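Colleague: The structure's right below; bear with me while I get my questions together.
The values are calculated or read from the model by the stated rules, or taken from the named source; none is laboratory data. Source: prediction; values computed, not measured. Methodologically, a virtual Cβ is constructed for each residue, glycine included, from the backbone with ideal geometry; neighbour enumeration extends over all protein chains shown. Just the protein is used for accessible areas: all its heavy atoms, side chains included, with ligands, DNA and RNA removed. Shrake-Rupley method; radii C 1.70, N 1.55, O 1.52, S 1.80 Å.
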Amino acid sequence: MTQADDAKPEYALVIHGGAGTITRDKLTPELESEIRGTLGEALATGKAILADGGSALDAITATIQVLENSPHFNAGKGAVFTAEGKNEMDSSIMNGSDLNAGAVSGVSNVKNPITLARAVMEKSVHVMLQGSGAEQFADEQGIERADDAYFFTDYRWGQLQDAKVKQKGPLLDHDGKTHSSVEDITNGDYKFGTVGAVARDKNGNLAAGTSTGGMTNKSHGRVGDAPIIGAGTYANNASCAVSATGHGEYFIRATVARNICALMEYAGLSLEEASYRIVKNELVKMGGDGGIIAVDKDGNTVMPFNTPGMFRGRVTSELKAEVAIYED
C-alpha cells in the first residue's frame, strides 16, 4: 500500500504494530477485530490532534500511547518477557524540524515508554538513557509507572515458556531446518510486535516514534533497533520520518531509518523508491525480516514490509483512515 498524490495533504499519519508471520490462520476473527479496532483508535487519536493544528510530535506521542496501552502489541502493556521473566522496554522519538531526539532502553515499570523518551529529548541534555538511570529520570519527571502485574499477559508469558522449551533441544522450524541455539530461537516471530508512528503536521514538520518490548527470551542487556536513532527511528524535515519494526540486529547494521532518508536527500530518490530499496532489497539480502512506515516532507506515505503481514494503518487530510494486516 503506497500513497503519492499531486496535491500535498495538510497532514498525514502512519502507524504500525509489528511485522512478521502474520497470516489469517493465526488470528481468530475476534482477535483480528480487536486489533483492527485498536489500530483505528490510534489513528483517530492522532488525526484529531493533527486536524486541529497540533504538532506532529504531539500526534505521534498520543498515537503510540494508545498502542502501548493495548495487550495486543509488543510494547507497554503487551511487552514480551526476557529470559529472566522481566519486561524491559525500549523507545525513541525524533523531531524533524531540529533533529532533536530522545530514547530509553531496558526500562521496566514505565507505563508508556514513549513519554519517557520524549522527556529525555525535551528535558535532558542527553539523547539516550538506559536501565535504572532512565527509570530514575522517569521518577524525577513524574512519568507514570506501573507494577509488574500491569504488564503481565498469559499470551506473552506463554511465549516465553514456549521459547524456553524449544531452547533445550533441536526443533524443526517452519522452513524445515533443524535449529538448536538460543540465537536461532530468537530469530523466530518472538521478536515482532514493535509499535510506531510517523506524522507530518499542518506546518510541514515531521516526527517519528517507536516503542517495543524487544525479543521474547532475550538475553539480559540486549538492545534492539527501536531506541537507536537512525536504525529504528529517524525524522528530518528535509526528507522523511521513519519508524521500523522487525529483527532489530539487521535494522541496526543497515541503519535502516536514516538510510531511507539519506537516499532521498543525497540520491534524489522518492520516498517509495528509497524505502522499497532498503526493505525489499538490502534487508532481504542480509536476511533481515520486518518493515517500516514513513511519511515524507510532502505528505506522501509508504508502509513496505518483507514478511507475510504487518499491522499498519494511515490517515491524511485527503484520505480516510485505513488499517491493514496481511500482504494483500
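Colleague: Helix 131-140: angle to the longest alpha-carbon principal axis of the chain, degrees 0 to 90, nearest 10?
Modeller: Computed tilt is about 50 degrees.
Colleague: Amide H of MET128 versus every other amide H placed in the peptide plane: which residues, excluding those fewer than 5 positions away on the same chain, fall under 5 Å?
Modeller: Here ALA103 satisfy the definition.
Colleague: Sticking with this one: Given H placed 1.01 Å from N in the peptide plane, which residues other than close sequence neighbours of GLY106 have an amide H under 5 Å from its amide H?
Modeller: MET89, ASP90, GLY131
Colleague: Related question: Keeping all protein chains in the complex and leaving out DNA, RNA and ligands, what accessible area do you get for ILE228 with a 1.4 Å probe, in Å² to the nearest 10?
Modeller: Surface accessible to solvent at ILE228 totals approximately 50 Å².
Colleague: Of the listed pairs LYS111/LYS285; LYS86/LYS280; LYS47/LYS77; LYS47/LYS285; LYS285/LYS320, which have alpha-carbon separations greater than 30 Å here?
Modeller: Over 30 Å apart, Cα to Cα: LYS111/LYS285; LYS86/LYS280; LYS47/LYS285; LYS285/LYS320.
Colleague: Let me ask you something else. Using a basic spin-label model with each label point 7 Å from the Cα along Cα→Cβ, how many nm lie between GLU273 and ALA324?
Modeller: Going from the GLU273 label point to the ALA324 one covers 2.2 nm.
Colleague: What relative contact order, as a whole-number percentage, does the stretch 4-92 give when Cα pairs under 8 Å and 6 or more residues apart are counted? Numbers along the way, then the final one.
Modeller: Numbers: 71 pairs, mean separation 19.3, N = 89.
So the answer I get is 22 percent.
Colleague: For TYR155, TYR150, what's the largest-to-smallest order of accessible area, 1.4 Å probe?
Modeller: Correct descending sequence by accessible area is TYR155, TYR150.
Colleague: Now a separate question. Take peptides 115-127, 245-257 and line them up by average Cβ neighbours within 10 Å, highest first, as a rough protection proxy.
Modeller: So the order, starting with the most tightly packed, is 245-257, 115-127.
Colleague: Per residue, how large is the accessible surface of the chain? Use a 1.4 angstrom probe and give square angstrom. All intermediate terms of the calculation are to be shown ahead of the outcome.
Modeller: Details: 12950 Å² over 328 residues.
Per-residue value: 39 Å².
Colleague: Still on this model: Give me the extension gain from ASP147 to ARG253: residue separation times 0.36 nm, minus the current Cα-Cα distance, reported in nm with one decimal.
Modeller: Length difference between fully extended and current span is 34.8 nm.
Colleague: Amide H neighbours of SER243 under 5 Å, counting only residues 5+ apart in sequence or on other chains, H built in-plane at 1.01 Å?
Modeller: ILE293
Colleague: I need the peptides 269-282, 23-36, 51-64, 195-208 ranked by packing, meaning the mean over residues of other C-beta atoms within 10 angstrom, with the highest value on top.
Modeller: Output ranking for 269-282, 23-36, 51-64, 195-208: 195-208, 51-64, 269-282, 23-36.
Colleague: Carbon-plus-sulfur fraction of the accessible area of the chain, 1.4 Å probe, in percent?
Modeller: Heavy-atom surface of the chain belonging to carbon and sulfur, 1.4 Å probe: 48 percent.
Colleague: Helix-only mean residue ellipticity at 222 nm, the chain, DSSP H runs n ≥ 4 weighted -39,500 (n - 2.57), per residue, nearest 500. What is it? Spell out each step's value before the answer.
Modeller: Working: 11 runs with 108 residues, N = 328.
-9500 deg cm²/dmol, from helical runs alone.
Colleague: Tell me the label-point distance for the pair GLU32, ASN109, using the 7 Å Cα-to-Cβ offset, in nm and rounded to one decimal.
Modeller: 4.1
Colleague: Order these peptides, 134-147, 71-84, by their mean beta-carbon neighbour count within 10 angstrom, highest first.
Modeller: The packing order, highest mean first, is 71-84, 134-147.
Colleague: Show which lysines lie in cross-link reach of LYS168 when reach means a straight Cα distance below 18 angstrom and same-chain residues fewer than eight apart are skipped.
Modeller: Partners within reach: LYS177, LYS218.
Colleague: Oh, and also: Find how much the distance from LYS285 to ASP139 grows on full extension, using 0.36 nm per residue of separation minus their present alpha carbon separation; answer in nm with one decimal.
Modeller: 48.2 nm
Colleague: Regarding the chain, what whole-number volume in Å³ per residue does the convex hull of its Cα atoms give?
Modeller: 120
Colleague: Say the dipole of the stretch 192-328 comes from +1 at the beta carbon of Lys and Arg and -1 at that of Asp and Glu; which of LEU319, ASN306, ALA197 then lies farthest toward its positive end?
Modeller: Of LEU319, ASN306, ALA197, it is ALA197.
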